Amino acid sequence: MHACLLINELVVHIMGFLMEDVLPTIRAHGSRDIARLARTCKSFMEPALDILWRTQGAVSPLVMCLPFDLWKRTDLSNTINFIREPSVDDWARLQRYTHRIRAFSGPKALGLPIVDDDVLRTIFARELFHILFPSLHTLDFTVITTPTIAFPLLVNVLSRRLVRLTFTIPRESDPDAVRYVLRAILENASSLRTLKIDSFAFSSGFELSDNQMPYLHALSLGFKLRLSSGSFPRLMQLQHLQVLSLSLADIAFHQPVQSAFTVLQCVKITARSLDQCCNLISSISSSVLREVSISYDTQAPNAVLRTFFQELACLQGCSLVLDTVVIKHNLQLTTSSDHPFIVLPSTLTPLLTCRRLRILHLINLGTLDLDDAFIKQAALAWPALEELRLCSLAWSNPHRLTLSSIRELVSRCPRLVRLHMAIDARILPDEDLATASSESQWSSLDNLNLRNSQITDPQAVAEYLMSVAPSLRTLSVESDMETCKLWRVVEHLIKGIII
């Protein structure tokens, strides 16, 4: 054996590639290959065990390493229970494997037995847990057990070694208990890089103070978990924060904050109104912001939308880096498609400065009153576009876009795969089909959703679509029954041409 393979770190690295080079659907083959490699040479045994145990998606494989007289599995529920009290020697035997575990995380191991709640509480007891898992740095409780069982165990597992933590607050939770657990996380897991909390019930009490979570890279709080207003200024100054996902709730921004979010790469916000987001966006001083995703409840008039897109376009470096923009209005009983909720081309013009856009979703903002001229400008401005969703409200009418807009997009955006927008397909372009086909020969468009587009001549539309989008595989609409029947004819004609 070559001398370099006597270095455990190198062998572990090589075996890591063996695990990661297989497809997720056949990941078990990678594990079996490593096990066979370990049996080939004694020198490979320890590195192989490190690789096989370092990431677990369940607790049951660990419990099944205990002596057989300690546990049993019920066939009916496929649950593992203890049949006697574990001894010190039993835990010592288990440590041979537990000290190798670095992460309990997804994907969730399906088909394995379930560990009984009492067994889980025993293993996750405060004193025992830290003895068994000295190398653990990543813990995703959502792959281990239900929130009702996991949540009370959280305070037992917190330590400065933990760098990634994911859990869910159960539906029936005492507010004081929630606040206690959240405070414990901030005080006892100060080295966290990633914190993801979801909640089945509306909760409040996430208070972030000075000098807490100084190394945080990613914070994701479910929309039912409220961050206090006083915590937001501290959040803005975190020097390493790259990913932020949360609900603004009642947090208001009266003026932009300078030098905030200096390295932010991805921001996903749920807000009551788009006004809340304008000053937040203008406060971002990061030159590496790649993704902005906003959903809001109170419908924003055209003027507010224009202000928001102007702030987005003014972000430092956005023209070079920003590649994903998702803006969605959450439908309400008062949602309107009329003035002042008619979105004009001039409202979206600031987005044309974002030259690297790959994904753009504008969903339920009102009526997107766009025309072919704007789509031509957009196609020229966004050559890297891969997915475009321009979704007016379902009852918005009429549509000024025509089939020519599809040709502009597929001919100038060769990577465009998914396109969702309504057009007036009753208007047929004048250009020659051969010319349109030659301009779109490199089209990647695979999925086309034309929503409630009107149509009168299915044969002509099918021929045109096949000329400009030869890779088209999925065509769908969202309209009344008669219109859907006409589009179904188009779909059948396209499939017939493909065959």
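The values are calculated or read from the model by the stated rules, or taken from the named source; none is laboratory data. Keep in mind that this is a model prediction, so the values were computed, not measured. Quick reminder, even Gly has a Cβ in these numbers, built from the backbone with ideal geometry, and neighbours come from all protein chains shown.
Conditions tested, residue by residue: (1) out of contact with any Cys (no Cβ under 7 Å at 6 or more places or on another chain); (2) without any contact (Cβ under 8 Å) to a residue 12 or more places away in the chain; (3) of a type in the set (S, T, N, Q).
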position: Trp91; (1), (2), (3): yes, no, no
position: Tyr97; (1), (2), (3): no, no, no
position: Ile101; (1), (2), (3): yes, no, no
position: Asp117; (1), (2), (3): yes, no, no
position: Ser135; (1), (2), (3): yes, no, yes
position: Ser173; (1), (2), (3): yes, no, yes
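So which residues in the range 369-395 are touching a strand residue (DSSP E or B) at 6+ places or on another chain (Cβ under 9 Å), farther than 18 Å from Thr324 by Cβ and aliphatic (A, V, I, L, M)?
Selection gives Leu370, Ile375, Leu393.
For Leu76, which of the numbered conditions (1) farther than 26 Å from Thr138 by Cβ; (2) at pLDDT 95 or above; (3) hydrophobic (A, V, I, L, M, F, W, C) fails to hold?
(2)
Can you tell which of Leu370, Leu333 is under 25 Å from Asp457 (Cα atoms) and out of contact with any Phe, Trp or Tyr (no Cβ under 6 Å at 6 or more places or on another chain)?
The match here is Leu370.
Could you tell me whether the range 450-469 includes any residue that is surrounded by fewer than 17 Cβ atoms within 10 Å (Cβ to Cβ), under 30 Å from Gln332 (Cβ atoms) and either within 34 Å of the chain's Cα centre (by Cα) or at pLDDT 95 or above (or both)?
No: the range 450-469 contains no residue that is surrounded by fewer than 17 Cβ atoms within 10 Å (Cβ to Cβ), under 30 Å from Gln332 (Cβ atoms) and either within 34 Å of the chain's Cα centre (by Cα) or at pLDDT 95 or above (or both).
For the range 43-61, what are the residues that are touching a strand residue (DSSP E or B) at 6+ places or on another chain (Cβ under 8 Å) and of a type in the set (Gly, Ala, Ser)?
Listed by number, the residues that qualify are Gly57, Ala58, Ser60.
Taking Leu158 as meeting all but one of (1) buried (at least 19 other Cβ atoms within 10 Å of the Cβ); (2) in contact with a Phe, Trp or Tyr (Cβ under 9 Å, 6 or more places away or on another chain), write down the number of the exception.
(2)
What tally of residues in the range 174-214 results from selecting those that are farther than 17 Å from Ser247 by Cβ, of a type outside the set (D, E, K, R) and within 26 Å of the chain's Cα centre (by Cα)?
11
What is the residue count in the range 142-173 for residues that are of a type in the set (D, E, K, R) and within 25 Å of Leu241 (Cβ to Cβ)?
Summing the residues that are of a type in the set (D, E, K, R) and within 25 Å of Leu241 (Cβ to Cβ) in the range 142-173 gives 3.
Tell me the residue from Leu195, Leu219, Leu182 that is touching an Asp or Glu at 6+ places or on another chain (Cβ under 9 Å) and buried (at least 18 other Cβ atoms within 10 Å of the Cβ), please.
Leu182
Can you confirm whether the range 162-174 contains a residue that is under 17 Å from Ser220 (Cβ atoms) and not in a strand (DSSP E or B)?
Yes: one or more hits.
Which of the following residues is buried (at least 18 other Cβ atoms within 10 Å of the Cβ) and within 27 Å of Leu331 (Cα to Cα): Ser295, Ser228, Ser245?
From the options Ser295, Ser228, Ser245, the qualifying one is Ser295.
State which residue is modelled with the lowest pLDDT when the search covers only the range 39-59 and only residues that are part of a helix (DSSP H, G or I) and surrounded by 19 or more Cβ atoms within 10 Å (Cβ to Cβ).
Among them, the one singled out is Phe44.
Going by the conditions given, is Leu333 more than 18 Å from Ser293 (Cα to Cα), assigned to a loop (DSSP other than H, G, I, E, B), aliphatic (A, V, I, L, M) and free of Cβ contacts under 8 Å to residues at least 40 places away in the same chain?
The answer is yes for Leu333.
Collect the residues in the range 134-156 that are under 26 Å from the mean Cα position of the chain (by Cα) and not in a loop (DSSP other than H, G, I, E, B), keeping them in residue-number order.
Once the filter is applied, which keeps residues that are under 26 Å from the mean Cα position of the chain (by Cα) and not in a loop (DSSP other than H, G, I, E, B), the range 134-156 yields Thr138, Leu139, Asp140, Phe141, Thr142, Val143, Pro147, Thr148, Ile149, Ala150, Phe151, Leu154.
Would you confirm whether any residue within the range 338-350 is in contact with a Cys (Cβ under 9 Å, 6 or more places away or on another chain) and among the acidic types (Asp, Glu)?
Scanning the range 338-350, I find no residue that is in contact with a Cys (Cβ under 9 Å, 6 or more places away or on another chain) and among the acidic types (Asp, Glu), so the answer is no.
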